[in-house]
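> Below is one structure. I have some questions about it.
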There are 2 protein chains.
Amino acid sequence: MTRRVTSGTPEPRPALTRDRVVRAAVDLIERDGTRALSMRAVAAELGVAVMSLYNHVPNKAALLEGVAEHVVAGMDLTGDPAEHWTDRARALARAFRKTAHDYPRCMTIVLTHKVDGTVGLRMAESAFAIAHDAGFDAPTAVRITRALMAYTLGAQLRDAGMAEVLDRHPDGLFAARELDPTRFPNVLAAGDELARSDPEGDFEFGLDLLLGAVDALPRQVT
Amino acid sequence: MTRRVTSGTPEPRPALTRDRVVRAAVDLIERDGTRALSMRAVAAELGVAVMSLYNHVPNKAALLEGVAEHVVAGMDLTGDPAEHWTDRARALARAFRKTAHDYPRCMTIVLTHKVDGTVGLRMAESAFAIAHDAGFDAPTAVRITRALMAYTLGAQLRDAGMAEVLDRHPDGLFAARELDPTRFPNVLAAGDELARSDPEGDFEFGLDLLLGAVDALPRQVT
DNA sequence: GGGCGGTTACGTACGATGTACGTCCGGCGT
DNA sequence: ACGCCGGACGTACATCGTACGTAACCGCCC
């Protein structure tokens, strides 16, 4: 069926590679959703037999892990050390948000599978460097980094869930449901204010609060 | 094989119910992990044929949804309105953390499947009531609520990932890996400080920062 | 009491999925 | 020249979710 590569005849098949497998998985996830990711689908995407994938990826879990790593590896974490540290932290968070915007479906993989490992290490390194340059001692810098990451991760998780729900019920969130006014007086009072969707604004609001509070913390005695 | 309930013979089978199905799923998840949850396993847990479950649950996704709802429904969200609003918010966040501690594996289901819907509504209602009582106008209260929920969710997500990684590599996080000192100078400098695991302390640290910052915000003109 | 319709438990069966295993082939070292 | 080894492939199987048809049981009306 499929011919092999021979020296004389240039083949359009560019040799299977772990990177190509991962990349195909990323494309497939972004196009058809995570639910549609199967080894067979990835193989079809590459025009390859299913079992050939296992020469480059031990199993599906590892493939997911590879997807997560690939996505975070694409983040631009470089910042200007001359800027105020809060601006550097903001830039870091926004870099995360940018790739979350570029790879929305893969990002949920990242959130659920790989808060740890080499993935988190890249972000942790950058964040920790910033906190350290800001003058905090190591224990405080660790806590600061963790708080900022928690907030950033959580905001992303919320936005992802919100987006998923929005395209499942294109009309407002509360149009379909009947809310018991005695159990939910405040959300009903808030009304369409809760339905308003401004993920970036919401994110920046909380980020400003958090960064402001951190910046007001006492520094290490030097 | 299995006899039916007849009026004369009292059977130990207490009638299949959606609630019993969901409860069995919760137990199974907490005992054997989310990976082990299958319709067949749930049926076996209840001593029931597989297809009988579908009389009470339309499909597996709905069962997961039921699990999430069950877990959040068990949260004690009652607070003392007389307390300072920041303490009420703290109590709310701690209530979430408590059920996260009681149902660690189910909580990841909640995080990934149900940030929205009735689940979130209960927390949103309580949180929004607190923010409203604190004197903020509706738009600000919404943003405050979202920021606090983002932080809480993110912290929980991080802790879950951390816990999972810790029991996969019982020895330290960095013992196994070789870290490139040129790429990760700061995390290496931090050393075992990063390996320290104090989820509650970390969580309270960030929560205090966030709540303090929010409390310093200007209130609605009344 | 005796059908009887609706509800619920059940068994069978099918398509899809992850992957273990054996085979085969092309290029490279000797 | 020849063996060998890594990678591509096909087959096969266990397991999954669930569509469908069947049968047992309930309460009800005559």
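The values are calculated or read from the model by the stated rules, or taken from the named source; none is laboratory data. All values derive from a computational prediction rather than experimental measurement. Note that we place each Cβ from the backbone using ideal geometry, even for glycine, and neighbour counts take in every protein chain shown. These area figures cover heavy atoms from the full protein model, side chains too; ligands, DNA and RNA do not enter into them. Shrake-Rupley method; radii C 1.70, N 1.55, O 1.52, S 1.80 Å.
> Between B:Ala62 and B:Arg23, what length comes free when the chain is fully extended (0.36 nm per residue of separation minus the Cα-Cα distance, one decimal in nm)?
Working: separation 39, 0.36 × 39 = 14.04 nm, distance 1.35 nm.
Here the segment from B:Ala62 to B:Arg23 would lengthen by 12.7 nm.
> Can you give the FRET efficiency to the nearest 0.05 for A:Asp167 and B:Asp215, using r as the Cβ-Cβ distance and R₀ = 30 Å? Walk me through the numbers on the way to the answer.
Details: r = 36 Å, r/R0 = 1.21.
It comes to 0.25.
> From the helices alone, meaning DSSP H stretches of at least four residues, give me the mean residue ellipticity at 222 nm for the protein assembly as shown, per-run term -39500 (n - 2.57), in deg cm²/dmol to the nearest 500.
Numbers: 20 runs with 276 residues, N = 444.
That calculation yields -20000 deg cm²/dmol at 222 nm.
> If you build the convex hull over the alpha carbons only and average its shadow over all orientations, what do you get for the stretch B:78-215? Give it in nm² to one decimal.
Details: hull surface 40.5 nm².
Approximately 10.1 nm², given one-decimal rounding.
> For a quick check of understanding: with a 1.4 angstrom probe and all protein chains in place, what accessible area in square angstrom does A:Asp167 have, to the nearest ten?
The accessible area comes out at roughly 120 Å².
> With every protein chain kept in place and ligands, DNA and RNA left out, what is the accessible area per residue of chain B? Probe 1.4 Å, answer in Å². Spell out each step's value before the answer.
On the way: 11290 Å² over 222 residues.
It amounts to 51 Å² per residue over chain B.
> If you place +1 on the Cβ of every Lys and Arg, -1 on the Cβ of every Asp and Glu, and leave all else neutral, what size is the dipole of the stretch A:177-216 about its Cα centre, to the nearest 20 Debye? Intermediate results must be reported in sequence, preceding the final value.
Numbers: 3 positive and 10 negative charges, 56 e Å.
Roughly 260 debye for the stretch A:177-216.
> Turning to a different aspect of this structure: Suppose you put the label 7 Å out from Cα in the Cβ direction; list, shortest first and in nm with one decimal, how far A:Ser197 is from each other copy's label.
Going from nearest to farthest copy, the values are 3.7 nm.
> Let me ask something else. Which one of B:Val187, B:Leu211, B:Phe96 has its Cα pushed farthest toward the positive end of the charge dipole of the stretch B:78-215, where Lys and Arg give +1 and Asp and Glu give -1 at the Cβ?
Sorting the options by dipole projection puts first B:Phe96.
> Okay, next question. Counting only other chains, what is the mean number of Cβ atoms within 10 angstrom of the Cβ of each residue in peptide A:186-198? Each step should come with its number before you reach the end.
Details: counts 13, 11, 1, 5, 10, 1, 1, 8, 8, 1, 4, 0, 4.
Per residue, the average neighbour count from other chains is 5.
> Let me ask something else about it. With a ≥ b ≥ c taken as the square roots of the eigenvalues of the C-alpha gyration tensor of the stretch B:18-57, please select rounded if a/c is under 1.5 and otherwise prolate if a/b is larger than b/c or oblate if it is not? Could the numbers behind the result be given before it?
Values: a/c = 2.01, a/b = 1.56, b/c = 1.29.
Judged from the Cα gyration tensor, the stretch B:18-57 comes out prolate (a/c at least 1.5, a/b above b/c).
> As an exercise, identify the GluC sites (Glu not before Pro) in the stretch B:31-97 lying in DSSP coil whose Cβ has no more than 15 other Cβ atoms within 10 Å.
Working: sites: B:Glu45, B:Glu65, B:Glu69, B:Glu83; in loops: B:Glu83.
Answer by residue number: B:Glu83.
> Any idea what the dipole of the protein assembly as shown comes to, in debye rounded to 20, about its Cα centre with Lys/Arg Cβ at +1 and Asp/Glu Cβ at -1? Write down the numbers at each step before the final one.
Values: 52 positive and 62 negative charges, 404 e Å.
Computed charge dipole of the protein assembly as shown: roughly 1940 debye.
> Chains B and A: how much accessible area gets covered up at their contact, both sides added, probe 1.4 Å, in Å² to the nearest hundred?
4800 Å²
> OK, next. Which distances, shortest first and in nm, link B:Arg40 to the matching position in the other copies, using label points set 7 Å out along Cα to C-beta?
1.8
> What residue among A:Ala89, A:Ala73, A:Ala49 shows peak mean-square fluctuation when chain A is described by a Gaussian network model with Cα springs under 10 Å?
Largest GNM mean-square fluctuation: A:Ala49.
> Hey, can you grab everything whose amide H is under 5 Å from the amide H of A:Leu37? Only 5+ residues off in sequence or another chain; H modelled, so Pro and N-termini drop out.
none
> Using a 1.4 Å probe on the protein heavy atoms, what percent of the accessible area of chain B belongs to carbon and sulfur? List each step's numbers first, then the result.
Details: 6080 of 11290 Å².
Ligands and nucleic acids excluded, carbon and sulfur reach 54 percent.
> Suppose R0 equals 41 Å; then what is the FRET efficiency for A:Ala15 and A:Asp198 from their Cβ-Cβ distance, rounded to the nearest 0.05? Write out the running numbers ahead of the final one.
On the way: r = 46 Å, r/R0 = 1.13.
E(calc), rounded to 0.05, equals 0.35.
> Given springs between every Cα pair under 10 Å in a Gaussian network model of chain B, which of B:Ala163, B:Ala36, B:Ala189 has the largest fluctuation?
Highest fluctuation of the listed residues: B:Ala189.
> Between chain A and chain B, with a rotation axis joining them, whose C-beta in A is nearest that axis, and what is the whole-Å distance?
For the rotation taking chain A to chain B, the closest Cβ gives A:Gly154, 1.
> What does the charge add up to near A:Ala82, with Lys and Arg as +1, Asp and Glu as -1, over the other residues with Cβ less than 12 Å from its Cβ?
Values: positive: A:Arg88; negative: A:Asp80, A:Glu83, A:Asp87, A:Asp133.
Charge balance in the 12 Å sphere: -3.
> Going 7 Å from Cα along the Cα-Cβ axis for the label, what nanometre distances separate B:Ala163 from the same residue across the other copies?
So the distances to the same position in the other copies read 2.8 nm.
> From the phi of every residue in the stretch A:57-66, what ³J(HN,Hα) in whole Hz does the Karplus formula 6.51 cos²θ - 1.76 cosθ + 1.60 yield, where θ is phi - 60° and glycine or proline is x?
My calculation for the stretch A:57-66 gives 9, x, 6, 5, 4, 5, 5, 4, 4, x Hz in order.
> Can you tell me the dipole magnitude for chain A around its Cα centre, using point charges on the Cβ only (Lys, Arg +1; Asp, Glu -1), in Debye to the nearest 20? Could the numbers behind the result be given before it?
On the way: 26 positive and 31 negative charges, 232 e Å.
With Lys and Arg at +1 and Asp and Glu at -1, about 1120 debye.
> Of all trypsin sites (Lys or Arg not before Pro) in the stretch A:21-79, which ones are in loop regions per DSSP and have a Cβ with at most 11 other Cβ atoms within 10 Å?
Numbers: sites: A:Arg23, A:Arg31, A:Arg35, A:Arg40, A:Lys60; in loops: none.
Nothing satisfies the criteria.
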